[in-house]
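J.: What follows is a single structure, and I will ask about it in a moment.
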Amino acid sequence: MDRSEALPSGPTDPWDPIVKVVVAGLVAAATEVGVALPAETVRAQLALDGGPQGDLALPLHRLAQVAGRPANSLAAELAAHFPPSPILSSVVATGAYVNFVADSARLTQETLDLVLAHGGRYGSGPALPETACVEHTSANPTGPFHIGRVRNAIIGDTFARILRASGVPVTTQYYIDDMGRQAAMITWIWSKPRAEWPDPIRRAAEGEEVGEKPDRHRGRPYPAVSAYLKEHEEAREEVAELVRSLESGEPPARHRALAQEILDGMLASLARLSISFDEFVWESDFVKDGSVERVLERLRGSPHAVRESNGAWAIDTTGYGLPKESTRVVVQRGNGTSLYVTRDVAYHLQKLARFGRVVDVLGQDHQLHARTLDALLTEVGEARRPSFVIYQDITVPEGGRMSTRGGSAVWLDHLLEEAVTRARGEVLARREDLAEADVDRIAESVATGAIRYHIVRVAPEKPVVFRWEDALSFEGRSGPFVQYAYARASSVLRKGEALRGPYPFDARLLRDPEEAALVRVLARFPRVVAYAARTAHVHAVAGYAHDVADRFNRFYHAVPVLKSGEERTSRIALVAAVRQTLGNALDLLGLARLEAM
RNA sequence: GGGCGCGUAGCCUAGCCUGGAUAGGGCACCGGGUUCCUAACCCGGCGGUCGAGGGUUCAAAUCCCUCCGCGCCCGCCA
């Protein structure tokens with residue numbers, strides 16, 4: 001039985017009135033039978049959506065034990081004494097279970113009413129006073145995105161959308177690391193005239209194309225620079241000097257402009273996936289405004305502060321539950337400069353001051369950093385905690401993580417290009433009537449939808465092996481499958497001249513089993529959104545969207561809509577509700593609603 | 001070595017938080033479906049020691065312990 005979404009339902013949940021009747025009825029029946037059955041206990045045991053025998057099921061094994069009665073007879077007695085309700089079509093004891101089936105007409109009425117009345121807000125929770133900040137992506141501006149980094153962006157952006165739908169006002173942030181060695185390497189190489197570049201770097205950067213994106217262009221020498229520095233002490237010292245200049249607040253004039261230029265190129269790619277950010281936060285600003293120094297003052301004053309022989313400061317984090325080897329966290333170097341984690345403390349103090357809830361989307365390799373950050377926040381007297389959404393890496397089939405320097409990376413831009421090419425072919429194969437611009441638009445949406453869906457459909461904590469044929473699939477459990485169902489529903493409504501309401505309907509006419517099943521999927525949506533927001537299981541929404549599309553396709557094949565008789569307007573209302581719910585789910589996933597494909 | 005995560009049919013995956021009745025999808029494979037609202041679809045079939053062992057429980061994919069395999073982290077890097 002699937003109880004994963006089982007929650008106290010809210011006012012926009014079609015199951016809400018039914019659950020209330022079932023709980024109240026069970027409490028009343030229990031009293032008649034002579035058994036104490038508190039409403040809370042019933043709610044905890046009641047399973048919604050899953051039993052093979054009905055919509056709701058109450059297993060009585062445990063309750064029977066407490067009452068000292070055989071479960072089967074208790075189930076039978078409860079069913080027999082359950083007060084009749086027009087909202088339920090059957091209450092039956094099967095073995096140790098009491099099974100409830102909702103009256104289909106009533107559920108259909110309730111569900112379509114809610115979907116059609118709330119429209120784009122169906123599935124959303126009531127507006128909450130709490131605010132949240134979701135920080136995601138935050139990739140160093142050193143070159144183009146590879147698909148491994150994009151998993152962060154897709155999970156983060158989707159989670160932000162889901163949180164918003166759950167009622168929390170969300171601000172998304174991209175934290176730009178312009179303080180570290182990686183950013184310094186970019187400035188180091190581009191501050192030299194091309195003629196002065198060391199040979200291996202110049203060779204590696206060759207092959208530029210006219211008009212290539214700035215992240216591609218400026219990022220070209222990066223892997224070679226990285227390799228070069230490993231073997232050239234004097235170059236390493238130049239970069240180190242650059243890093244010191246960043247800390248002192250006097251970096252080369254071009255430093256931030258270069259980072260911004262590369263970032264702009266990266267963001268252009270994300271924009272194609274409908275991913276954007278509310279705010280950009282530069283790491284160096286926390287040094288400039290003195291907040292890093294204030295953090296250091298507090299840390300140095302901590303009873304756990306340790307002064308090293310060369311003047312560095314560390315914090316003894318014994319007692320914070322960190323792994324044994326990580327009990328000494330250096331927060332200030334011997335030369336007085338700060339470290340990444342120290343600056344991150346300053347950043348998080350700012351976020352915690354501004355937002356009620358602070359969420360970071362991080363790769364698993366940052367897990368220990370997250371725990372260290374957590375400990376240091378306590379150390380500086382911050383009582384509140386950020387929460388972390390941790391996801392596993394995307395690896396390549398040959399094994400290992402995607403690596404820019406190792407050459408195993410799959411570039412987002414390359415994947416986009418392949419996907420669009422393939423999507424164009426699919427569109428042209430079935431639509432000869434479309435204008436060129438429409439073909440392009442649909443192909444772009446199908447391609448980006450396939451990519452987003454492919455990444456988000458898997459639970460964040462699962463590792464993913466990247467395979468082209470999987471990422472480019474437009475069938476089955478895919479983005480285009482869901483988009484197609486939406487387009488299909490749109491097409492029906494268009495031909496029925498019913499793209500806009502009102503949608504009068506008679507729920508009693510929607511009595512086909514396919515219709516009942518379809519309504520039940522639609523009715524699940526509010527619980528799915530609430531569950532995904534609570535657990536950060538963004539993949540639940542992807543799975544749900546597939547379920548709706550799947551059920552709609554079955555309905556579509558089994559039941560005529562436009563060619564039906566007296567059911568026609570009611571079925572049109574059902575299709576409109578499907579289109580609305582599917583569209584809302586597509587919005588949460590960041591996939592385009594396509595009116596035609 | 002320690003910490004964290006993962007292990008479900010040939011492949012991918014849901015369910016694990018909150019134990020409950022025949023473990024739900026997809027790909028691949030086999031067989032069907034288009035004078036009918038879009039076949040990126042639908043119907044049927046095939047395929048499962050839920051990594052292994054033990055424990056708790058009336059009941060374990062789900063909770064606990066041990067072990068095995070895989071990944072990541074364990075810098076005065078970010």
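J.: Could you go through region A:373-385 and let me know if any residue there is farther than 21 Å from A:Val292 by Cβ and in contact with a strand residue (DSSP E or B) (Cβ under 9 Å, 6 or more places away or on another chain).
T.: no
J.: Among the residues of region A:125-132, is there at least one that is within 30 Å of A:Phe286 (Cα to Cα), modelled with pLDDT under 95 and more than 15 Å from the chain's Cα centre (by Cα)?
T.: Step one: of region A:125-132, the residues within 30 Å of A:Phe286 (Cα to Cα) are A:129-132.
From what's left, modelled with pLDDT under 95: A:129-130.
Among the residues that remain, those that are also more than 15 Å from the chain's Cα centre (by Cα) are: A:129-130.
Taking every residue of region A:125-132 in turn, at least one turns out to be within 30 Å of A:Phe286 (Cα to Cα), modelled with pLDDT under 95 and more than 15 Å from the chain's Cα centre (by Cα).
J.: Now for a separate question. I'd like to verify a number: residues in region A:383-424 that are surrounded by 14 or more Cβ atoms within 10 Å (Cβ to Cβ) and touching a residue at least 40 places away in the same chain (Cβ under 8 Å), how many?
T.: The qualifying residues number 22.
J.: Still on this structure, I have one more. Looking at (1) farther than 18 Å from A:Asp177 by Cβ; (2) free of Cβ contacts under 8 Å to residues at least 24 places away in the same chain; (3) not aliphatic (A, V, I, L, M), which one does A:Arg333 not meet, given that it meets all the others?
T.: Failing condition for A:Arg333: (1).
J.: Can you work out which of the residues in region A:339-351 that are of a type in the set (A, V, I, L, M, F, W, C) and near RNA strand B (Cβ under 7 Å from one of its atoms) is nearest to A:Leu376 (Cα to Cα)? Lay out the reasoning, then the answer.
T.: Of region A:339-351, the ones of a type in the set (A, V, I, L, M, F, W, C) are A:339, A:341, A:345-346, A:349.
Applying the additional criterion that residues be near RNA strand B (Cβ under 7 Å from one of its atoms) yields A:339, A:341.
Values: A:Leu339: 13, A:Val341: 9 Å.
Residue satisfying both the conditions and the ranking: A:Val341.
J.: Which residue is farthest from RNA strand B (Cβ to nearest atom), if the candidates are limited to region A:91-114 and must be part of a strand (DSSP E or B) and within 21 Å of A:Phe525 (Cβ to Cβ)? Steps first, please.
T.: Going through region A:91-114, the residues part of a strand (DSSP E or B) turn out to be A:91-94, A:97-102.
Then drop every residue that is not within 21 Å of A:Phe525 (Cβ to Cβ), which leaves A:100-102.
Working: A:Phe100: 9, A:Val101: 11, A:Ala102: 14 Å.
Taking the candidates together, the pick is A:Ala102.
J.: Here's a follow-up. Just one of (1) closer than 28 Å to A:Val528 by Cβ; (2) more than 10 Å from RNA strand B (Cβ to nearest atom) trips up A:Asp55, so point out which.
T.: (2)
J.: Given the options A:Val329, A:Val306, name the one that is of a type in the set (Val, Ile, Thr), assigned to a strand (DSSP E or B) and farther than 18 Å from A:Arg371 by Cβ.
T.: Going through A:Val329, A:Val306 in turn, just one is of a type in the set (Val, Ile, Thr), assigned to a strand (DSSP E or B) and farther than 18 Å from A:Arg371 by Cβ: A:Val306.
J.: Determine which member of the set A:Gly336, A:Gly319, A:Gly311 is in a loop (DSSP other than H, G, I, E, B) and either at pLDDT 95 or above or more than 13 Å from RNA strand B (Cβ to nearest atom) (or both).
T.: A:Gly319
J.: Okay, moving on. Please verify whether region A:223-240 includes one or more residues that are surrounded by fewer than 20 Cβ atoms within 10 Å (Cβ to Cβ) and not in a helix (DSSP H, G or I).
T.: Yes, some residue in region A:223-240 is surrounded by fewer than 20 Cβ atoms within 10 Å (Cβ to Cβ) and not in a helix (DSSP H, G or I).
J.: Sticking with this structure for a sec: Any residue in region A:428-456 that's free of Cβ contacts under 8 Å to residues at least 60 places away in the same chain: show its pairings with residues that are outside any helix (DSSP H, G or I) and aromatic (Phe, Trp, Tyr) at Cβ separation under 6 Å, as long as the two are six or more apart or on different chains.
T.: Listed pairs, sorted by first residue: A:Ala450/A:Phe474.
J.: Taking into account only those residues within region A:352-382 that are part of a helix (DSSP H, G or I) and more than 25 Å from the chain's Cα centre (by Cα), which is surrounded by the fewest Cβ atoms within 10 Å (Cβ to Cβ)?
T.: First, the residues of region A:352-382 that are part of a helix (DSSP H, G or I): A:352-354, A:364-379.
Retained after the next criterion (residues that are more than 25 Å from the chain's Cα centre (by Cα)): A:375-379.
On the way: A:Ala375: 21, A:Leu376: 24, A:Leu377: 20, A:Thr378: 14, A:Glu379: 22.
Of everything passing the filter in region A:352-382, A:Thr378 is surrounded by the fewest Cβ atoms within 10 Å (Cβ to Cβ).
J.: While we're on this one: With the requirement that a residue be part of a loop (DSSP other than H, G, I, E, B) and near RNA strand B (Cβ under 9 Å from one of its atoms), what does region A:528-550 give you?
T.: Selection gives A:His537 alone.
J.: All but one of (1) in a helix (DSSP H, G or I); (2) more than 9 Å from RNA strand B (Cβ to nearest atom); (3) among the basic types (Lys, Arg) hold for A:Arg500; which doesn't?
T.: Among (1) in a helix (DSSP H, G or I); (2) more than 9 Å from RNA strand B (Cβ to nearest atom); (3) among the basic types (Lys, Arg), A:Arg500 violates only (1).
J.: Something else now. Which condition number does A:Asp157 fail, the rest of (1) farther than 30 Å from A:Leu588 by Cα; (2) at pLDDT 95 or above being met?
T.: Evaluating A:Asp157 over (1) farther than 30 Å from A:Leu588 by Cα; (2) at pLDDT 95 or above leaves (1) as the failure.
J.: Let me confirm something: among A:Leu58, A:Leu63, A:Leu78, which residue is in contact (Cβ under 8 Å) with a residue 24 or more places away in the chain, buried (at least 20 other Cβ atoms within 10 Å of the Cβ) and over 27 Å from A:Arg106 (Cα atoms)?
T.: On inspection, the qualifying residue turns out to be A:Leu63.
J.: If you go through region A:202-247 one residue at a time, how many are in contact (Cβ under 8 Å) with a residue 40 or more places away in the chain and polar (S, T, N, Q)?
T.: Looking only at that region, the number is 1.
J.: A further question follows. Which members of region A:566-590 meet the condition of being more than 13 Å from A:Ser490 (Cα to Cα) and within 12 Å of RNA strand B (Cβ to nearest atom)?
T.: Selection gives A:Glu567, A:Arg568, A:Arg571.
J.: If a residue has to be in a helix (DSSP H, G or I), under 30 Å from A:Val410 (Cβ atoms) and among the small types (Gly, Ala, Ser) to count, how many in region A:475-497 make the cut?
T.: 3
J.: Closer than 22 Å to A:Ala184 by Cβ, exposed (fewer than 12 other Cβ atoms within 10 Å of the Cβ) and over 34 Å from the mean Cα position of the chain (by Cα): is that true of A:Asn310 in this structure?
T.: For A:Asn310, the condition - closer than 22 Å to A:Ala184 by Cβ, exposed (fewer than 12 other Cβ atoms within 10 Å of the Cβ) and over 34 Å from the mean Cα position of the chain (by Cα) - is not met.
J.: Taking the residues in region A:443-470 that are of a type in the set (A, V, I, L, M) and near RNA strand B (Cβ under 9 Å from one of its atoms) as candidates, determine which candidate is farthest from A:Ser269 (Cα to Cα). Give the steps one after another, and end with the answer.
T.: First, the residues of region A:443-470 that are of a type in the set (A, V, I, L, M): A:443, A:446-447, A:450-451, A:455-456, A:458-459, A:464-465.
Remaining after also requiring near RNA strand B (Cβ under 9 Å from one of its atoms): A:443, A:446-447, A:450, A:458-459, A:464-465.
Values: A:Ala443: 16, A:Val446: 16, A:Ala447: 13, A:Ala450: 15, A:Val458: 22, A:Ala459: 24, A:Val464: 21, A:Val465: 22 Å.
If we take residues in region A:443-470 being of a type in the set (A, V, I, L, M) and near RNA strand B (Cβ under 9 Å from one of its atoms), then A:Ala459 is farthest from A:Ser269 (Cα to Cα).
J.: If you take the residues of region A:256-284 that are surrounded by fewer than 21 Cβ atoms within 10 Å (Cβ to Cβ) and within 14 Å of RNA strand B (Cβ to nearest atom), which of them is farthest from A:Ser445 (Cα to Cα)?
T.: Applying the filter and picking the extreme gives A:Trp282.
J.: So is A:Ser473 within 11 Å of RNA strand B (Cβ to nearest atom), among the hydroxyl-bearing types (Ser, Thr, Tyr), touching an Asp or Glu at 6+ places or on another chain (Cβ under 8 Å) and modelled with pLDDT of 95 or more or not?
T.: no
J.: Go through (1) within 9 Å of RNA strand B (Cβ to nearest atom); (2) of a type in the set (Ser, Thr, Tyr); (3) in contact (Cβ under 8 Å) with a residue 40 or more places away in the chain; (4) buried (at least 21 other Cβ atoms within 10 Å of the Cβ) for A:Ser491 and report which single condition fails.
T.: Result: A:Ser491 passes all but (4).
The values are calculated or read from the model by the stated rules, or taken from the named source; none is laboratory data. These numbers were taken from a predicted model, which means no experiment stands behind them. Because the Cβ atoms are built from the backbone with ideal geometry, glycine has one as well, and the counts that use them run over all protein chains shown.
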